[in-house]
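The values are calculated or read from the model by the stated rules, or taken from the named source; none is laboratory data. All values derive from a computational prediction rather than experimental measurement. Note that each Cβ is placed from the backbone with ideal geometry, even for glycine, and that neighbours are counted across all protein chains shown. Ligands, DNA and RNA are excluded from the accessible area calculation, which covers all protein heavy atoms including side chains. Shrake-Rupley method; radii C 1.70, N 1.55, O 1.52, S 1.80 Å.
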Amino acid sequence: MEPMETSQSRVAVAGSSGLIGTALTRSLAADGHDVVRLVRRSPRSKDEVRWDPKEGYVDTAGLTGCTAIVNLAGAGIGDHRWTDAYKRELRDSRVLGTSALATAAAALDEPPRVFLNASAIGYYGDTGRRAVDENAPAGTGFLPSLCVEWEEATAPAREAGIRTVVARNGLVIGSGGGAWGRLFPLFKAGLGGRLGDGRQFWSYISLHDEVAALRHLIDTESLSGPVNLTAPDPLTNREVTAAMGRVLHRPTLFPAPAPALRVVLGEMAGDVLGSQRVLPTRLLESGFTFAFPGIEEAIRSALK
């Protein structure tokens, strides 16, 4: 099969209103692709399709003719303190939604050529200074166990013979949302600083490269299974903090001590302070080229 190249390609996207989803749908539409957005309310236009991830409902008629189904949906990891109730929301919004879409894809008379589902480098847990790629096992703790369930929920699509790809996303550098959407205002105000001792590794990727990589996963017939979406050279939080200061021309004198983070963030502090040195081995081996591989150029790209 050839990669998607014609304007007749039809791509369904769940989670199209988020940071990554908004950028992806804009990119696809700009290149003439027909984008279908899955929404949880009543559709308001012909390019919207109703679904209810928690109830397992998808209006499969609206997916007819789709060459790709992309699932980026899920409650924000950092949007709330991790109470038991919010941890259930994090799980259900990912696992139940993925299962619903994978099942719907498998049930189509003409299945899509690819089912692309989001995951996260949280799969690996705290790797310390050890660099890991897609061959590494899952870590331990809430986020790794969530990612394992999330990825396993793609099984209906995979078992139906649909090429199924899991994008293990790193920290996406964008000004419109996500972790960096919160960091930029702090650093611009001169209130930025390292988190904890700053020695933990952050595996980042520019929003531009994130979208380009997702499109590469859609188009590359040889890719299936997990693929890390991170820049080639992970840096420590201390190094990232210094780069933010240089690009924004602001001091970075306000570190957040580990004990304070644990008080404010609770269980989530363990992941903020944890180290993830993740390499995009399969992405690079498949021929993908990063436009903004370095931290300063990635930060600048988000400010354009």
**Asked** For the subset of region 199-245 comprising residues that are without any contact (Cβ under 8 Å) to a residue 60 or more places away in the chain and out of contact with any Ser or Thr (no Cβ under 6 Å at 6 or more places or on another chain), which member is surrounded by the most Cβ atoms within 10 Å (Cβ to Cβ)?
**Response** VAL240
**Asked** Which one is nearest to the chain's Cα centre (by Cα), of the residues in region 64-93 that are part of a loop (DSSP other than H, G, I, E, B) and of a type in the set (Val, Ile, Thr)?
**Response** ILE77
**Request:** Would you check if THR140 is of a type outside the set (A, V, I, L, M, F, W, C), open to solvent by 40 Å² or more (accessible area, probe 1.4 Å) and either over 18 Å from GLU285 (Cα atoms) or not in a loop (DSSP other than H, G, I, E, B) (or both)?
**Result:** yes
**Fill in**
Of the residues in region 107-116, those that are open to solvent by 40 Å² or more (accessible area, probe 1.4 Å) and of a type in the set (A, V, I, L, M) come to ALA107
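I'd like the full set of residues that are farther than 22 Å from SER224 by Cβ, among the hydrophobic types (A, V, I, L, M, F, W, C) and assigned to a loop (DSSP other than H, G, I, E, B), limited to region 280-304.
Initially, region 280-304 is screened for residues farther than 22 Å from SER224 by Cβ, giving 291-304.
Those still in the list that are among the hydrophobic types (A, V, I, L, M, F, W, C) too: 291-292, 295, 298-299, 302-303.
Answer for region 280-304, where residues must be farther than 22 Å from SER224 by Cβ, among the hydrophobic types (A, V, I, L, M, F, W, C) and assigned to a loop (DSSP other than H, G, I, E, B): ALA291, PHE292, LEU303.
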**Request:** Collect the residues in region 174-186 that are outside any loop (DSSP other than H, G, I, E, B) and either open to solvent by 10 Å² or more (accessible area, probe 1.4 Å) or acidic (Asp, Glu) (or both), keeping them in residue-number order.
**Result:** GLY178, ALA179, GLY181, ARG182, LEU183, PRO185, LEU186
**Request:** Exactly one condition in (1) over 19 Å from GLY225 (Cα atoms); (2) buried (at least 16 other Cβ atoms within 10 Å of the Cβ); (3) touching a residue at least 12 places away in the same chain (Cβ under 8 Å); (4) of a type in the set (Ser, Thr, Tyr) is not met by SER119; state its number.
**Result:** (1)
**Message:** Let me confirm something: among ALA29, ALA61, which residue is open to solvent by 30 Å² or more (accessible area, probe 1.4 Å), over 27 Å from GLY177 (Cα atoms) and part of a helix (DSSP H, G or I)?
**Reply:** ALA61
**Check on GLU134, in a loop (DSSP other than H, G, I, E, B), among the acidic types (Asp, Glu) and either at pLDDT 95 or above or open to solvent by 60 Å² or more (accessible area, probe 1.4 Å) (or both)** = yes
**Request:** For TRP51, work out the one condition from (1) out of contact with any Ser or Thr (no Cβ under 9 Å at 6 or more places or on another chain); (2) open to solvent by 30 Å² or more (accessible area, probe 1.4 Å) it doesn't fulfil.
**Result:** (2)
**Request:** Check ALA85 against each of (1) in contact (Cβ under 8 Å) with a residue 40 or more places away in the chain; (2) open to solvent by 50 Å² or more (accessible area, probe 1.4 Å); (3) of a type in the set (A, V, I, L, M, F, W, C) and name the one condition it does not meet.
**Result:** (1)
